[in-house]
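Colleague: Attaching a single structure in structure tokens format; questions to follow.
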Amino acid sequence: MISVEEALERILAHVRVMYVEEKPILDALYQVAAEDIASGMDIPALDNTAMDGYAVRAADTAGASETTPVGLRVIGELAAGYVFDGEVRAGEAVRIMTGAPMPRGSDAVVPFEETDEPSGRGFGSFAKSRDTVGVLKAANAGANVRYAAEDVRRGQEIIPRGSVLHPARIGVLASLGKATVRVHRRPVVAILSTGDEVVPPGEPLSPGQLYDSNTYSVAAMVRASGGVPRRLGIARDTVEALTAKLREGLDADMLVTSAGVSRGDYDVVKDVLANEGEIDFWTVRMRPGKPLAFGAFTSGGRRVPHIGLPGNPVSSMVSFELFGRPAIYKMLGRDDWQRPRLRAIADEAIPNGDGRRVFARAIVSMRDGRHHAALTGPQGSGILTSMAQANALAVVPEDVPLVRAGDDVEVMLLD
Ligand code: AMP
Ligand code: MG
């Protein structure tokens, strides 16, 4: 038996970072920047006002107060998006709206609240009806001014290669005026279910059959990890059926099969891959998910990495979480596949009878300032609802035969 770490290491050694594509920034959400991205401009581009109010020369407002207002002559008004073409001279002010560039000569903005103009009056009509404003509070030079380049300098590196383009970075790209971005392509993951007993949802079920949940849960995990799932359907447990279906996945970047990797008579995945590929059968020292196949399907000059997941629905999801998701992250150019981990108090015992690493489905919650982990009921590897309730996996190391209720246990948080 190999360890979880060794299995992951071997899998990651066989997948490569995807090639680069250029695409519209919004379509690149959660993809990874394939180049260092620098700004071609200053942001803000010009000094501008952070408040609605009056652009003034700060020196003019010295000594201003409620009882000794300073009167300034209003020489114009300015909305965001326009540039004032005059100059503010001594004793003058320009009525100005948030974001508008500072008029030449001005060096501070007095907000409406600090003048004798009550705020909230309609822009235009009120101001035009008067040609002076009373300043009720002295302003320091620079007050309420946002300076050019205070956010970003021209030439500054903003998004280093390898960054995940999360929503704020998509916004930053737009603020730099970039409509497209170069990223590592999303890997296409072909997913095939095997088994004579497996039936697609939506069809009637005969005795002895069950619905295919694995290709759906795995396809959902592929998509949630940033890959593009391609479901190939269900192959019957014959070498011919399986070979034909797998060939449909040859143009994918990775191939994932469900079931057929244990030691049963009809577990034909290994036979097919022995003919058309390379395969390693592993038993991984973990529970659930001990049997795992890994290798490559090769046909017609193509070589596609292949992960053969165990058929039991929980085993299949936990194995994909531990091995498939990191592989997709690597292909995307990400190395942050490690889930957040924390220590919690086990609310009940978690046995580990045979020295494997146990990943128990758990609900982690906060009580009295501490994290607690409760199991989601029976932990059989066929009980998919135990996975559906879990927000975490409690991890029991190989050398710990029993976590008692009240003991500390490590948990890895799921989505
Ligand atoms: P196997 O690895 O083929 O021996 O399958 C192990 C268990 O997983 C059996 O109980 C199967 O019925 C079940 N199983 C196999 N494929 C699927 C699937 N696509 N969805 C849900 N359960 C499955
Ligand atoms: Mg089977």
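What follows draws every value from the coordinates through simple rules; no lab data is involved. Note that the structure is a prediction, hence the values are computed from the model and not measured. A quick note on method: Cβ atoms are made from the backbone with ideal geometry, for glycine too, and the neighbour counts reach across all protein chains shown.
Colleague: Which value, in nm² and rounded to one decimal, describes the direction-averaged projected area of the C-alpha convex hull of the range 204-291? Provide the component values of the computation, followed by the final result.
Modeller: On the way: hull surface 28.7 nm².
Directional mean of the projected Cα hull area for the range 204-291 stands at 7.2 nm².
Colleague: What percent antiparallel are the DSSP beta bridges of the range 1-124, to the nearest 5?
Modeller: Working: 8 of 14 bridges.
So the antiparallel bridges amount to about 55 percent of the total.
Colleague: Restricting to DSSP loop positions (anything but H, G, I, E, B) with no more than 10 other Cβ atoms inside 10 Å of their own Cβ, which GluC sites (Glu not before Pro) remain in the range 25-89? Display every interim value, and only then the final one.
Modeller: Numbers: sites: GLU35, GLU66, GLU77, GLU87; in loops: GLU35, GLU66.
Filter output for the range 25-89: GLU66.
Colleague: Starting from the 7 Å offset along Cα-to-Cβ, what nm value, one decimal, do you get for the label separation of ALA149 and GLU22?
Modeller: Using points 7 Å along Cα→Cβ, the separation is 2.7 nm.
Colleague: Please sort 258-264, 218-224 by packing, taking for each peptide the average over its residues of neighbouring beta carbons within 10 angstrom, highest first.
Modeller: On the way: 258-264: 20.9, 218-224: 19.0.
Going from most to least packed, we get 258-264, 218-224.
Colleague: Restricting to lysines 8 or more places apart or on different chains, can you count the pairs in the chain with Cα atoms under 30 Å from each other?
Modeller: 10
Colleague: Further question on the same structure: Mind putting together the pair-distance distribution for the range 48-146? All Cα pairs, 5 Å bins, whole percent per bin, short to long.
Modeller: 3, 16, 29, 29, 18, 5, 1, 0
Colleague: If each residue of separation counts as 0.36 nm, what is the full-extension length gain between ARG303 and SER262 once their alpha-carbon separation is subtracted? Each step should come with its number before you reach the end.
Modeller: On the way: separation 41, 0.36 × 41 = 14.76 nm, distance 2.37 nm.
Taking 0.36 nm per residue and subtracting the Cα distance, the gain is 12.4 nm.
Colleague: Dividing the Cα convex hull volume of the chain by residue count, how many Å³ per residue is that? Please list the in-between numbers first.
Modeller: Details: hull volume 88.0 nm³, N = 415.
Here the figure is 212 Å³ per residue.
Colleague: How much length would be gained if the chain were fully extended between GLU203 and GLU248, taking 0.36 nm per residue of separation minus their Cα-Cα distance, in nm to one decimal?
Modeller: Details: separation 45, 0.36 × 45 = 16.20 nm, distance 2.30 nm.
Gain in length upon complete extension: 13.9 nm.
Colleague: Here's another thing I want to ask about it. Roughly how many nanometres apart are two label points built 7 Å out from the Cα toward the Cβ at ARG73 and ALA50?
Modeller: In this crude label model, ARG73 to ALA50 measures out at 3.1 nm.
Colleague: Please order LEU402, LEU393, LEU384 by the number of other Cβ within 10 Å, starting at the fewest. Walk me through the numbers before you get to the answer.
Modeller: Values: LEU402 11, LEU393 24, LEU384 17.
Sorted ascending by nearby Cβ count, the order is LEU402, LEU384, LEU393.
Colleague: Which residues' amide hydrogens lie under 5 Å from the amide hydrogen of HIS306, considering only partners 5 or more residues apart or on another chain, with H built in the peptide plane?
Modeller: LEU255, GLY295, ALA296, PHE297
Colleague: In vacuo Debye scattering of the range 10-70, one point per C-alpha: log10 I(q)/I(0) at q = 0.15, 0.23 Å⁻¹?
Modeller: So the normalised log intensities are -0.77, -1.11.
Colleague: Give a residue-ordered list of calculated ³J(HN,Hα) values for the range 140-150 (Karplus: 6.51 cos²θ - 1.76 cosθ + 1.60, θ = phi - 60°; whole Hz; x for Gly, Pro).
Modeller: Each residue's phi maps through the Karplus curve to give 7, 4, x, 4, 6, 9, 9, 7, 3, 6, 5 Hz.
Colleague: Sorting GLU113, GLU321 on the 10 Å Cβ count, fewest up front, what's the list? Before the final figure, lay out the partial values.
Modeller: On the way: GLU113 13, GLU321 22.
Sorted ascending by nearby Cβ count, the order is GLU113, GLU321.
Colleague: Report the calculated FRET efficiency for ARG367 and GLN389 (r = Cβ-Cβ distance, R0 = 22 Å), to the nearest 0.05.
Modeller: Details: r = 18 Å, r/R0 = 0.80.
E(calc), rounded to 0.05, equals 0.80.
Colleague: Per residue, how big is the convex hull around the C-alpha atoms of the range 235-392? Give it to me in cubic angstrom, could you? Mind showing how you got there, number by number?
Modeller: Working: hull volume 20.3 nm³, N = 158.
So the per-residue hull volume is 129 Å³.
Colleague: Tell me the label-point distance for the pair LEU402, GLU87, using the 7 Å Cα-to-Cβ offset, in nm and rounded to one decimal.
Modeller: 8.8 nm
Colleague: Something else: Sorted from largest down, what three extents in whole angstroms do the Cα atoms of the range 341-413 have along their principal axes?
Modeller: 33, 27, 19
Colleague: Percent relative contact order of the chain, based on C-alpha pairs within less than 8 angstrom and at least six residues apart?
Modeller: On the way: 974 pairs, mean separation 65.7, N = 415.
Relative contact order here is 16 percent.
Colleague: Charges at C-beta only: +1 for Lys and Arg, -1 for Asp and Glu. How large is the resulting dipole of the chain about its Cα centre, in Debye rounded to 20?
Modeller: Numbers: 46 positive and 54 negative charges, 68 e Å.
Dipole size: approximately 320 debye.
Colleague: Antiparallel DSSP bridges in the chain: what percent, to the nearest 5? Before the final figure, lay out each step's value.
Modeller: On the way: 61 of 90 bridges.
If I count the DSSP bridges inside the chain, around 70 percent turn out antiparallel.
Colleague: Turning to a different aspect of this structure: What is the fewest-to-most order of ILE363, ILE191, ILE37, ILE307 by other Cβ atoms lying within 10 Å of their Cβ? Don't jump to the answer; show the numbers that get you there.
Modeller: Numbers: ILE363 16, ILE191 28, ILE37 21, ILE307 25.
Ranking ILE363, ILE191, ILE37, ILE307 by Cβ neighbours within 10 Å, fewest first, gives ILE363, ILE37, ILE307, ILE191.
Colleague: Assuming R0 = 45 Å, can you tell me the calculated FRET efficiency for the pair ARG343 and VAL239, based on Cβ-Cβ distance, to the nearest 0.05? Could the numbers behind the result be given before it?
Modeller: Details: r = 48 Å, r/R0 = 1.07.
Efficiency computed from Cβ-Cβ geometry: 0.40.
Colleague: Compare the peptides 272-278, 354-360 by average per-residue count of other Cβ atoms within 10 angstrom and give them in order, highest first. Working shown, then result.
Modeller: Values: 272-278: 17.7, 354-360: 20.1.
Those peptides, ordered most packed to least, come out 354-360, 272-278.
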